[in-house]
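Structure below; questions to follow.
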Amino acid sequence: MSTKTLLPEPLSGARPSSSQRRKRNAPLTLLVLALVPLTCTFYWHGHLNKARSSFQTIPLDAQEILMRCAALRTRPDPPSNFLERDVSDRFEDGTPATIIRNATIWTGEKNGTEIIYGDLLLDKGIIQAVGQVSRTPVHNARTIDARGAWVTPGLSKHRQVPDEVVVFTSPS
């Protein structure tokens, strides 16, 4: 006689078989698989819309800022009416016209190689004549004898000559 140990039979409904479990979990799995991409889509779509529709404050001086930015792209040229002007913007009232005679004048023309030996007439802060200037082109003009010294227009200010001309004197 053989004695077999019999295990008790499972109670009905206590533990479903694996095929029964799969059948019951199938709709739940499908629901999760459908919700994950849908949730991701709504999440990213919502964030993109927030980024697009967020409010931005415009500074009160926005127009001035834009004008300064546009000015950065302009060429550093003198104004269009520069050659037609009668008075320099740096001219100080009461400064007499000045004739600088016997000067070595570096004009900056011809690629910086032009040098003229002669005179220079300044009136109202503007160079009026270069070369041979007549004796009395302007009444009450002050005359400076450069004695061959270099005169370079536009480099810096000099106390005795209007601010658009510099007179360099050589040591004697």
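How do 95, 39 rank by accessible surface area computed with a 1.4 Å probe, from largest to smallest?
So, going from the largest accessible area down, we get 39, 95.
If you keep only loop residues by DSSP, which GluC sites (Glu not before Pro) in the range 63-135 have at most 12 other Cβ atoms within 10 Å of their Cβ?
Sites meeting the loop and neighbour criteria: 92, 114.
Something else about it: Please compute the length gained on full extension between residue 126 and residue 74, using 0.36 nm multiplied by the number of residues separating them and subtracting their Cα-Cα distance.
16.2 nm
In Å², what does the accessible area per residue of the range 61-159 work out to with a 1.4 Å probe?
With all protein chains present, the range 61-159 gives 76 Å² per residue.
Can you grab the distance from the C-alpha centre of the range 101-140 to the C-alpha centre of the range 56-95, Å, no decimals?
29 Å
The values are calculated or read from the model by the stated rules, or taken from the named source; none is laboratory data. The structure presented is a predicted model; accordingly, all values stated were derived computationally and were not measured. Here the Cβ is made from the backbone with ideal geometry for all residues, glycine too, and neighbour counts use every protein chain on show. These accessible areas exclude ligands, DNA and RNA; they are computed on the full protein's heavy atoms, side chains included. Shrake-Rupley method; radii C 1.70, N 1.55, O 1.52, S 1.80 Å.
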